[in-house]
Amino acid sequence: MKISLVRPNSMAVACPPPIGLGYLAGYLLKHRRDEIEVIDARRLRLKPEAVTQRLMAMKPDLVGISALSFEAKEAEELARKFKKALPSVTIVLGGPYPSSVYESALDEDAIDFAVVGEGEQTFLELINALDKNEPLDRISGLVFRKNGKAHLVGIRAPIPEIDTLEIAWQVLKPEMYFVSRLRTSENTLRKSARLLPIFTSRGCPYSCYFCHSIFGKKFRGRSAENVLSEIDYLVKTYGVEELEIIDDSFNLDLRRAKKILKGIAERNYRLWLSFPNGIRADLIDEEFLDLMKSAGTYRVDYAIESASKDRQIEIGKRLDLEKTRWVIEQTWKRRIISDGYFILGFPGETEEEMNQTIEYALKSKLQLASFFHLKPFPGTALAKRYNKSQQAVDEAQVSDYSTLTLNLSAVPDAKLRRIRKRAYRRFYFSPFRLWSNFLLAPKNFRTLRSVLDVVLLSFKDSVNY
């Protein structure tokens, strides 16, 4: 079977390799002998017409489209054009979008099926069933039309042993992303253009009501040996110089995480490491910090959200704020750049609470901080609770943390925007941040541009490039 896997061109600024499609291709190639290609329309900046032309040249039997929630419109437009050009092609939609709102995943007639949750097993079983003309109503995680409505067969259990999964890097063609002018990461302080993201685990057991994970609540870590083997391959095959570990909960199993970091350090690859998704600060000890440093870590992001203990309980995070403050200070002592993630505008949040969070950031040893507006991503507990309110939410704006789309706080919109701008000004123009960022940040154009971002955010509501 000929299979094309497509990532839409949402015109998002950062375009890392679509490793979800890489895992899907790897799983299929492990169990079948299909001809598979990946078309990353975001990386190539392809319009739907150009992607369609590529498909017409290959003439695939099946097309899989992976979409984030904010890419729903782009995915549906692609499906319409694909079906018009190749009426007999089977089109399958996967990724966070259908996983969060499967009920509307088949609203577009051109989409034949959708996959919910981890897609490797469901996708394989679907292709096997289509090949053999077998019934589809026993494939867990599959959505198809039944009596004119989207029908989910059942929730598929997460894959327990994720060491059995591997990315088909040769299908993703990593060299295509090693371009210095290309922003392959949200991290504007990256050290090298030869950068790739990797997952070392799946799942997050915490219950933050603004967050959802396609990988579920159960933490499943790859063995340290399996992770290190992939790193060996990436360094020796593609000359990778920097890795972003993008797990939801890298350090949940601290012993495993330490073993990975120790293994990287012992290999002496001189890799740069960063953790842009945020790691759980209150699980960290000094040994872990030392291993991060010796493994080449130059940046780590801590998701803190709020400095209110009551708010920590209410949102389901329950972070130990005093332990986190200590970890940030120890991170600074090791000259690792730390970035704090904060959210302003929780339901019923007062100006006093917001100022408490801002003061926490100011008094910490963080070099960087991001102050986000609260976002009701589809499928989250927050969205289910508040999306039916009188305040309409534009799906496209939900992806932009700097745009205020839903204000559930106790302060008016204009004041909330002013509080956020003031937070950026006070944080980044403090003497400590000016000095520490000059000391630690790379001296290049990307850093200059990130500085410009901060200056603009201090006076504007958002920055778009």
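The values are calculated or read from the model by the stated rules, or taken from the named source; none is laboratory data. Computed from a prediction, not measured in an experiment: that's the story for all the values here. Here the Cβ is made from the backbone with ideal geometry for all residues, glycine too, and neighbour counts use every protein chain on show.
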Looking only at region 77-90, and only at residues there that are surrounded by 24 or more Cβ atoms within 10 Å (Cβ to Cβ) and without any contact (Cβ under 8 Å) to a residue 60 or more places away in the chain, the one that is nearest to the chain's Cα centre (by Cα): ALA79
Any hit, region 380-388, residues being touching a strand residue (DSSP E or B) at 6+ places or on another chain (Cβ under 7 Å) and assigned to a loop (DSSP other than H, G, I, E, B): no
Matching residues, region 99-116, being under 22 Å from the mean Cα position of the chain (by Cα) and either among the acidic types (Asp, Glu) or at pLDDT 95 or above (or both): ALA114, VAL115, VAL116
Sole exception among (1) surrounded by fewer than 18 Cβ atoms within 10 Å (Cβ to Cβ); (2) in the same structural domain as ARG43 (by TED's automatic domain parsing) for GLN170, by number: (2)
Restricting region 32-76 to residues that are of a type in the set (Val, Ile, Thr) and touching a residue at least 40 places away in the same chain (Cβ under 8 Å), the residue that is surrounded by the most Cβ atoms within 10 Å (Cβ to Cβ): ILE65
Subset of region 289-313 (residues that are under 21 Å from the mean Cα position of the chain (by Cα) and within 15 Å of TRP326 (Cα to Cα)): VAL300, ASP301, TYR302, ALA303, ILE304
Checking LEU130 against (1) more than 30 Å from PHE372 (Cα to Cα); (2) of a type in the set (A, V, I, L, M, F, W, C); (3) within 17 Å of the chain's Cα centre (by Cα), the condition it does not meet: (3)
Failed condition for GLU186, given (1) touching a Ser or Thr at 6+ places or on another chain (Cβ under 7 Å); (2) touching a residue at least 60 places away in the same chain (Cβ under 8 Å); (3) surrounded by fewer than 17 Cβ atoms within 10 Å (Cβ to Cβ): (1)
Single match in ARG311, ARG325, ARG335 (criterion: assigned by TED's automatic domain parsing to the domain that holds ILE245, modelled with pLDDT of 95 or more and touching a Leu at 6+ places or on another chain (Cβ under 8 Å)): ARG335
Count - residues of region 199-228 that are more than 15 Å from ASN251 (Cβ to Cβ) and modelled with pLDDT of 95 or more: 4
Selection from region 336-352 of residues that are touching a helix residue (DSSP H, G or I) at 6+ places or on another chain (Cβ under 7 Å) and more than 18 Å from LEU404 (Cα to Cα): ILE336, ILE337, SER338, GLY340
Which listed residue, of VAL179, VAL171, VAL153, is touching a residue at least 40 places away in the same chain (Cβ under 8 Å) and over 19 Å from the mean Cα position of the chain (by Cα): VAL171
